[in-house]
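Chemist: I am attaching a structure below and will ask some questions about it afterwards.
The values are calculated or read from the model by the stated rules, or taken from the named source; none is laboratory data. It should be emphasised that the depicted structure is a prediction, and the values quoted were computed from it without experimental measurement. Methodologically, a virtual Cβ is constructed for each residue, glycine included, from the backbone with ideal geometry; neighbour enumeration extends over all protein chains shown.
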Amino acid sequence: MGRGFTTRQVHDRARLHGATPRATPIHLTAGFEFDEYGAAAAHFGAGEGYAYTRIGNPTVETVESSLAALEGGSQALLLASGQAATTVALLSLAAAGEHIVVSTHIYEGTRGLIRDNLSRFGITATFVDEIGDPAAWEAAIRPETRALFAESISNASNRILDIPAVAAVAHRHGLPLVIDNTFATPYLLRPIEHGADVVVHSASKFLAGHGNVLGGAIVDSGTFDAARSGALFPHLVEPGRGGAPSIAERVGGDARIAYARESVAPRLGPTPSPLNAFFIGQGIETLSLRVDRQSRGALAVAQWLQTRPEVASVDYAGLASHPDHTLAADLLPDGFGSVFTFTLRGDAETARRVVEALETFTHMTHLGDVRSLVLHPATTSHVALNAEERAALGVFDGTLRVSIGIEDVVDLIDDLEQAFVAAGIRRAADVALVPLVTDAAVLGA
Ligand SMILES: *Cc1c(COP(=O)(O)O)cnc(C)c1O
């Protein structure tokens, strides 16, 4: 279908049977009546129809179909949170005694899941620091490896993954590349188009977009190859109980996501509320509009910060000074996202004074909201790491993470500037050197 991304984000969704309301109805119900006696057995046998919301719900499936379409995947599975999406995706691939290869540059919740929880399930991990070097990924792969995992745009220092190069390494070994695409969203980057096999999201962030609900999603490319990779994933290719056909025989390339939907998500139970699914679906309808504006605003704020003498460094992939800028310009032609860090000249106390003085930016641990947010990673998200580990991730005492919202960009810059004054760090003599940024200039309006 040749329609544009923004057209598809409001039109690509499954039609419901019967009445066709323009907005997605909220099927807020634990379960569904069986219309006739045989429908119960048909559901439990062949999976027909709806029975119980943990197994399937029309509101949830509507959002799944639009996410799959926008990511260029075959199917999507909506879950209760981003953590649930990563957990279900990885447990659908790896079992006790097996291993995953993971980028060091990931969300701290994911690092905790892998280090503290999956390890207790007997799934071990090797972390790759030099994520730009395909040989480093290759060297970490073992016979028992079952997946490679990374973020498209990484948390903290905005590292960009060379998805085609790492996917090529994974595929040489018959393995899937799993990408957390939360920071980029499918509007800016569709990892499956670049060779990734599985995409996960925290839908709590840009997809829902308004800071109101939690959600997560898995999108699968639908290209599981039983002949090539079946020996690594016996749970997908071996006959079911009583000699039933294997999942791969039943659904072919969709075996991974079918296993996640049928055997992992409903058993572990991180089911999304249909009400939350509705809000995520609503958010998706304006995704491109928000992310486009947020990306432009972030670039303008990052460019301004880069000119400020109070600021030691700005880690935004949209700036030519970022080590991954060339790769970013290649993979992210429509914008570089809106979450990044910058490091103040000063210590944790300097950072505290700036955060306390900010008025338009909200101090909280979230991102992807329509409102701009700020957080001090060293004392919050990254507090479990030691100083050396934090430094390797670009997190120092003076580092702040911002998530740029849809506000007028002049207001955001004014807010940062007045916070520098209030914190007692602004160097007044430099003000005249700062170009006057206007919304019209930045947004091309
Ligand atoms: C927030 C986030 C998660 C976890 O998602 P939740 O919805 O909070 O469970 C995972 N990955 C990234 C990159 C995130 O920003």
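Chemist: Report whether or not Gly318 is crowded, with 17+ Cβ neighbours inside 10 Å, outside the structural domain of Leu214 (by TED's automatic domain parsing) and in contact with a Leu (Cβ under 6 Å, 6 or more places away or on another chain).
Modeler: Yes, satisfied.
Chemist: Have a look at Thr104, Thr29 and point out the one that is within 16 Å of the ligand (Cβ to nearest atom) and at pLDDT 95 or above.
Modeler: Thr104
Chemist: For the stretch 211-227, which residues satisfy the criterion of being away from the ligand (no atom under 16 Å from the Cβ) and either in a helix (DSSP H, G or I) or crowded, with 24+ Cβ neighbours inside 10 Å (or both)?
Modeler: The answer is Asp220, Ser221, Phe224, Ala226, Ala227.
Residues are listed down the side, and each one gets a yes or a no for (1) assigned to a strand (DSSP E or B); (2) away from the ligand (no atom under 16 Å from the Cβ):
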| site | (1), (2) |
| --- | --- |
| Ala167 | no, yes |
| Ala170 | no, yes |
| His201 | yes, no |
| Gly209 | no, no |
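Chemist: Also: Just a yes or no: is a residue in the stretch 153-176 out of contact with any helix residue (DSSP H, G or I) (no Cβ under 6 Å at 6 or more places or on another chain) and of a type in the set (Val, Ile, Thr)?
Modeler: Yes, that holds for at least one residue.
Chemist: Something else about it: Any residue at all in the stretch 108-118 that's touching a residue at least 60 places away in the same chain (Cβ under 8 Å), part of a helix (DSSP H, G or I) and away from the ligand (no atom under 11 Å from the Cβ)?
Modeler: Looking through the stretch 108-118, none of the residues is touching a residue at least 60 places away in the same chain (Cβ under 8 Å), part of a helix (DSSP H, G or I) and away from the ligand (no atom under 11 Å from the Cβ).
Chemist: Does Ser157 satisfy being touching a Phe, Trp or Tyr at 6+ places or on another chain (Cβ under 9 Å), farther than 20 Å from Pro333 by Cα, buried (at least 17 other Cβ atoms within 10 Å of the Cβ) and touching a residue at least 60 places away in the same chain (Cβ under 8 Å)?
Modeler: no
Chemist: For the stretch 57-96, give me the residue count where each residue is more than 15 Å from Ala258 (Cα to Cα) and within 16 Å of the ligand (Cβ to nearest atom).
Modeler: 11
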